[in-house]
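Report on one structure; see the data block that follows.
The values are calculated or read from the model by the stated rules, or taken from the named source; none is laboratory data. Everything numeric in this text was worked out from a predicted model, so none of it was measured. Cβ: placed from backbone, ideal geometry, glycine included. Neighbour counts: every protein chain shown. To get the accessible areas, we keep the full protein, side chains included, count just its heavy atoms, and leave off ligands, DNA and RNA. Shrake-Rupley method; radii C 1.70, N 1.55, O 1.52, S 1.80 Å.
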Amino acid sequence: MPLNEALFEHSPEESFDASLVGARRALSLVAGCSRLVNTLSDSDLLRIQRELSDLARGIGASAAVVAGEIGHRSRPGLGYAGLAQREGFRTAEALIRHETKSTAHNASALVQVGTMARDSGDVGAVSSAEPWFREVGAAVAAGSLSVDAARAIRSGLGSPSERTGAVTPDDLLSAAHLLVIEAAQVDADELLRRARRARDDLDEAGIADRERAAFEERSVRRTRRPNGLPRYIIDPDIESAAFWDDVYDSLTSPRRGGVRFVDDADKAWAEGISSDERTTDQYVHDSFTQLLRIAVSAETGESRRIVGSRQPSVRVLVTRAALEAKQGHGRIEGCDIPISLQTVERVACESGTVQLDFDESGRPLDLGREQRLYSHRQRIALAAAQGGCMFGDCDRPPRWCEAHHAQHWKRDHGETNILDGVLLCRYHHLLVHNNGWEIVRDDAGFWLIPPREVDAEQRPRLMPSKSAALRDLRLLSA
């Protein structure tokens, strides 16, 4: 638990020192046991990892509370009389970075979250701070919310909208309350995604504005490195970022566990990348340079294949109801950030459309049995419905996934049926087949059944869709 002055029996200084001595003693005991970690059972190993994470969260929360007080004593209004400037630093963040030997990012996070924690217990400070995050700060001060989780909520929800009647402080207060509860079940990365989705849900009218702001901020900047060579910094807009990501993933997938290749030419290409002596960063640099050279020279004839047959593309998903009513938004496949209908219509005009029909439960209708491997059109439907690898919290996008038969093709004489298709990344596809995991389907969706050595009771685990577009469709039909 974070240090709490209400628990002090002596002076604050004495109590702080006593608490720190006790914490150091506990950590030294843990460090002394590190040589025994290889003797632990799997369950004990995971249990200890969870307990150490709880301890780290409490220590991090206490550090944030202290940083918040340092920030208060270094606030700009105090000028040179502030703590940081008296110590020779311009800001509280610079002072904390010096004292903790951490990064500027971590120091900034401690001050931001610490300020929320401090203000949560200071009624007089609420009016000048962000009252909609008061519960977030209180959870940090209580040790139930980590610094990373608190910063994710703050970053994802943002501030009330300046437009009258848009996102109010009460809206953000309610959203923050729900996210604090959900933080016990998900990591900080997922919490940030949920906070951003909550903001988008609250501020539908602001989607086009935020998309326009990202578009206006797009840039490629050239600076100079210490050795005199240039450095290029790319800040893409939403649509361009999706294309850049697809190019990057296509280039690096053989090294990062992407989809397996069955075509002989693609196999040779993937094997060549895997065995290449260049680092991944070097390979990406050289490949992007080659792509630019090909584009500039516009050579005819057959050029060296760089990204294989899976050409980079941007796939946009939108409901027919949104298009017909001209209200709502679309999604770029694999991207959580919504895009405006104007962008959807422009992409459709440039690239054409493919219609996908879903039933009232949000499932793609079967496109027919064609062969053992799922067809390109079937994979488009699965990607739209499932949004990526369905195994647990795996974040692999649809383009890195393979279509698994829930009813095995050979063992169960299963069909290449869209209703029984499950997107799994290569790693989890192999895990399911080789380690005894099973996937079943009922009216609620797909369920993952672990082998007995993982869960003796083999309790089913729901495999929810990760498709933001399908989520939009269900909200419309609710």
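I'm checking my understanding of the structure. Among residues of the stretch 238-258 that are open to solvent by 20 Å² or more (accessible area, probe 1.4 Å) and in a loop (DSSP other than H, G, I, E, B), which one is modelled with the highest pLDDT? Among those residues, the one meeting the criterion is P254. Total residues in the stretch 68-97 satisfying the condition of being of a type in the set (K, R), more than 12 Å from V111 (Cα to Cα) and either touching a Cys at 6+ places or on another chain (Cβ under 8 Å) or not in a helix (DSSP H, G or I) (or both): the figure is 1.
Residues checked against (1) at pLDDT 85 or above; (2) small (G, A, S):
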residue: A23; (1), (2): no, yes
residue: S43; (1), (2): yes, yes
residue: R50; (1), (2): yes, no
residue: A64; (1), (2): yes, yes
residue: G68; (1), (2): yes, yes
residue: G71; (1), (2): yes, yes
residue: R75; (1), (2): yes, no
residue: L95; (1), (2): yes, no
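When each of D276, D201 is tested for being open to solvent by 40 Å² or more (accessible area, probe 1.4 Å) and under 22 Å from I339 (Cβ atoms), the lone residue that passes is D201. Where helices (runs of 4 or more DSSP H) fall wholly inside the stretch 123-173, the ranges with 1 or more residues that are at pLDDT 90 or above are 134-142, 147-157.
Evaluate the stretch 389-398: report whether one residue or more is part of a strand (DSSP E or B) and open to solvent by 30 Å² or more (accessible area, probe 1.4 Å). No, that holds for no residue.
Looking across the stretch 174-191, just one residue is touching a Leu at 6+ places or on another chain (Cβ under 7 Å) and either open to solvent by 80 Å² or more (accessible area, probe 1.4 Å) or in a loop (DSSP other than H, G, I, E, B) (or both), and that is A183. Within the stretch 204-223, the set of residues being basic (K, R) and either open to solvent by 90 Å² or more (accessible area, probe 1.4 Å) or not in a helix (DSSP H, G or I) (or both) comprises R212, R218, R221, R222.
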